[in-house]
1. Rg and Dmax in Å for segment 40-118, alpha carbons only: what are they?
2. Non-local amide H neighbours of Gly91 (under 5 Å, H modeled in plane, Pro and chain starts lacking H): which ones?
3. Once label points are set 7 Å from the Cα along Cα→Cβ at both Val70 and Ile105, what is their separation, rounded to one decimal in nm?
4. Order of 105-118, 52-65 by packing, highest average Cβ count within 10 Å first?
5. Rounded to the nearest 0.05, what FRET efficiency is calculated for Val49 and Trp27 with R0 set to 35 Å and r the Cβ-Cβ distance?
6. Given the Cα-Cα distance of Leu20 and Val92 and 0.36 nm per residue of separation, how much length would full extension add, in nm?
7. Fully extended, how many nm does the chain gain between Ala11 and Ala112 (0.36 nm per residue separation, minus their Cα-Cα distance)?
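Nothing in this text is a laboratory measurement; each read-out follows from the coordinates by a stated rule. Computed from a predicted model, the values in this text were never measured in an experiment. Ideal geometry is used to build each Cβ from the backbone, glycine not excepted, and the neighbour counts take in all protein chains shown.
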Amino acid sequence: MAAKYRILRTADVVLIALLLAFAGAFWFVFGAPGGAPGDTVVVRRGGIVYASLPLYEDALIDVTLPDGEVTNTVRISGGRVFMEYANCPDGVCLRHGALRGGNDIIVCLPNAVTVEAEDGGDGVDAVVR
């Protein structure tokens, strides 16, 4: 028995292809969620800048206490920044993954460590008149 109705018509396939092309163009123009990463990675401990490094240079930053104990390790690799090690009990910062953009931040609350990608601009988000 031949099917009486076709499930997808040619117009349906064309519409789906156009919607996928539009979604791809939107993704390309506006980037991944969170926007493009910044130019500089700033690591703070207790609100004080601990290290500030360029995003394009691979690095490993050990955040230590005054007695030399390593509390956190931040890795910059391939233009991505993530928390590689933390001695805190919950490990939420380890599950954060890589920073996704300038508005993203990794926080290790028990150790008071933050990792943020900054764009290196003048710090102005908008001008209101």
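1. Values for segment 40-118 (Cα only, Rg and Dmax): 11.3, 33 Å.
2. Amide H neighbours of Gly91: none.
3. 2.6 nm
4. In decreasing order of mean packing, 105-118, 52-65 become 105-118, 52-65.
5. Efficiency at R0 = 35 Å is approximately 0.55.
6. Between Leu20 and Val92, full extension yields an extra 22.5 nm.
7. Stretched out fully, the Ala11 to Ala112 stretch lengthens by 30.7 nm.
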